[in-house]
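Here the structure comes first, spelled out in structure tokens, and everything after it is commentary.
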Amino acid sequence: MAANIGIMDSAYFVGRNEILGWINDRLQLNLSRIEEAASGAVQCQMMDMTHPGVVPMHKVNFDGKTEYDFIQNYKVLQDVFNKLKIDKHIEVNRLVKARPLDNLEFLQWLKRYCDSVNGGLMNENYNPVERRTKGGNRSIRGPQKNSKSLQTNNSVNSGSCDEEPVVLRRSTSTGAKNMKSGANTSSDFQSLTKEITDLKVSVDLLEKERDFYFAKLRDVEVLCQTPELENLPMAVAIKKILYAADENEDALAEAQEIVSELIIAEQTGLSDDN
């Protein structure tokens with residue numbers, strides 16, 4: 001089952017564009033960035049599509065804006081995993097920070113899982129837009145007028161004619177300021193456009209670098225899996241590190257212990273020979 005896929009599995013080589021296309025196509029959304037899925041609502045609906053009726057959609061907040069809202073969505077998702085006996089721990093503290101790489105890795109896993117359940121085929125009877133209306137949209141509110149502002153406007157409109165020249169001068173002054181502001185806005189827009197372009201280039205370079213190192217690790221994994229080497233202590237130690245599920249020092253310590261035992265055994269063997 002995809003719940004136990006390793007970090008070197010091909011699922012983690014699926015690019016962000018493919019992931020976004022997969023989400024937008026199946027859920028009829030228009031996400032342009034991976035971090036837009038950080039709220040957990042998308043993941044909940046993907047599970048709802050894969051396992052109809054299992055996800056309590058009325059508890060999913062599609063309009064969450066705060067980390068608290070996101071955490072509540074991931075609680076719903078974790079409950080669904082537990083109900084389906086999916087052995088997958090959700091790194092909520094990382095995902096709610098909307099960091100692209102953390103969210104990309106989780107969505108890569110999710111895609112692999114959904115594909116393993118339905119063979120990648122879409123549920124033709126599933127209406128994603130209708131299902132989203134079942135979700136909790138607590139943060140949706142209509143525009144509200146400010147009564148204080150209305151009172152201020154009324155007092156200006158009902159003012160005497162003697163005040164009109166003052167209002168006119170203020171309007172003229174404001175117009176001049178707006179013209180300067182418009183020029184500054186154009187300059188700011190160009191600056192922001194350049195910054196966005198530079199960031200996109202940086203992201204592309206980072207993705208290429210990530211893919212490069214993933215490929216290196218994959219080569220190491222393949223080498224350690226060859227029948228002649230897979231049971232050797234050094235290969236076992238390397239796989240301990242490669243397949244570690246959590247970021248802790250336990251895997252490294254275990255690998256070092258295996259290597260140490262190997263070195264001691266070799267030294268003991270040499271002493272016996274002498």
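The values are calculated or read from the model by the stated rules, or taken from the named source; none is laboratory data. Just so it is clear, the structure is predicted and the values come from calculations on it, not from any experiment. Here the Cβ positions follow ideal geometry from the backbone for every residue, glycine too, while neighbour counts run over all protein chains shown. Keep in mind that these areas ignore ligands, DNA and RNA; they rest on the heavy atoms of the full protein, side chains included. Shrake-Rupley method; radii C 1.70, N 1.55, O 1.52, S 1.80 Å.
Determine the pairs where a residue that is closer than 19 Å to residue 42 by Cβ, located within region 76-89, has a partner that is open to solvent by 20 Å² or more (accessible area, probe 1.4 Å) and in a helix (DSSP H, G or I) with Cβ atoms under 7 Å apart, the partner being 6 or more residues away or on another chain.
76/59
So for region 38-45 (the condition being under 12 Å from the mean Cα position of the chain (by Cα) and among the hydroxyl-bearing types (Ser, Thr, Tyr)), does at least one residue qualify? Explain how you work it out, then say what you get.
Applying the first criterion (under 12 Å from the mean Cα position of the chain (by Cα)) to region 38-45 yields 38-43.
Still in the running and among the hydroxyl-bearing types (Ser, Thr, Tyr): 39.
Yes, some residue in region 38-45 is under 12 Å from the mean Cα position of the chain (by Cα) and among the hydroxyl-bearing types (Ser, Thr, Tyr).
Of 183, 176, 245, which residue is open to solvent by 60 Å² or more (accessible area, probe 1.4 Å), more than 29 Å from residue 101 (Cβ to Cβ) and modelled with pLDDT under 80? Don't jump to the end; show me each part of the working.
On the way: 176 fails: open to solvent by 60 Å² or more (accessible area, probe 1.4 Å); 245 fails: more than 29 Å from residue 101 (Cβ to Cβ).
Being open to solvent by 60 Å² or more (accessible area, probe 1.4 Å), more than 29 Å from residue 101 (Cβ to Cβ) and modelled with pLDDT under 80 holds for just one of 183, 176, 245, which is 183.
Just one of 146, 157, 103, 125 is among the polar types (S, T, N, Q), modelled with pLDDT of 60 or more and surrounded by fewer than 11 Cβ atoms within 10 Å (Cβ to Cβ); which is it?
Numbers: 146 fails: modelled with pLDDT of 60 or more; 157 fails: modelled with pLDDT of 60 or more; 103 fails: surrounded by fewer than 11 Cβ atoms within 10 Å (Cβ to Cβ).
Matching residue, one of 146, 157, 103, 125: 125.
Considering only residues of region 222-241 that are among the hydrophobic types (A, V, I, L, M, F, W, C) and in a loop (DSSP other than H, G, I, E, B), which is nearest to residue 260 (Cα to Cα)? Break it down stepwise before answering.
So in region 222-241, the residues among the hydrophobic types (A, V, I, L, M, F, W, C) come out as 222-224, 229, 232, 234-238, 241.
Retained after the next criterion (residues that are in a loop (DSSP other than H, G, I, E, B)): 229, 232.
Numbers: 229: 18, 232: 13 Å.
Of everything passing the filter in region 222-241, 232 is nearest to residue 260 (Cα to Cα).
Among the residues of region 28-36, is any surrounded by fewer than 21 Cβ atoms within 10 Å (Cβ to Cβ), among the small types (Gly, Ala, Ser) and touching a residue at least 24 places away in the same chain (Cβ under 8 Å)? Spell out how you get there, then give the answer.
At the first step, the residues of region 28-36 found to be surrounded by fewer than 21 Cβ atoms within 10 Å (Cβ to Cβ) are 28-33, 35-36.
Among the residues that remain, those that are also among the small types (Gly, Ala, Ser) are: 32.
After this cut, where a residue has to be touching a residue at least 24 places away in the same chain (Cβ under 8 Å) as well, the list is none.
No; the residues of region 28-36 include none that is surrounded by fewer than 21 Cβ atoms within 10 Å (Cβ to Cβ), among the small types (Gly, Ala, Ser) and touching a residue at least 24 places away in the same chain (Cβ under 8 Å).
Can you find, within region 23-37, the residue that is farthest from the chain's Cα centre (by Cα) among those that are part of a loop (DSSP other than H, G, I, E, B) and of a type in the set (A, V, I, L, M, F, W, C)? Break it down into steps so the answer makes sense when it comes.
Here is the first cut: in region 23-37, the ones part of a loop (DSSP other than H, G, I, E, B) are 28-33.
Okay, now just the ones that are also of a type in the set (A, V, I, L, M, F, W, C), so 29, 31.
Details: 29: 15, 31: 12 Å.
The selected residue is 29.
Quickly run through region 190-228 and pick out the residues that are open to solvent by 90 Å² or more (accessible area, probe 1.4 Å) and among the hydroxyl-bearing types (Ser, Thr, Tyr).
Of everything in region 190-228, just one residue is open to solvent by 90 Å² or more (accessible area, probe 1.4 Å) and among the hydroxyl-bearing types (Ser, Thr, Tyr), namely 213.
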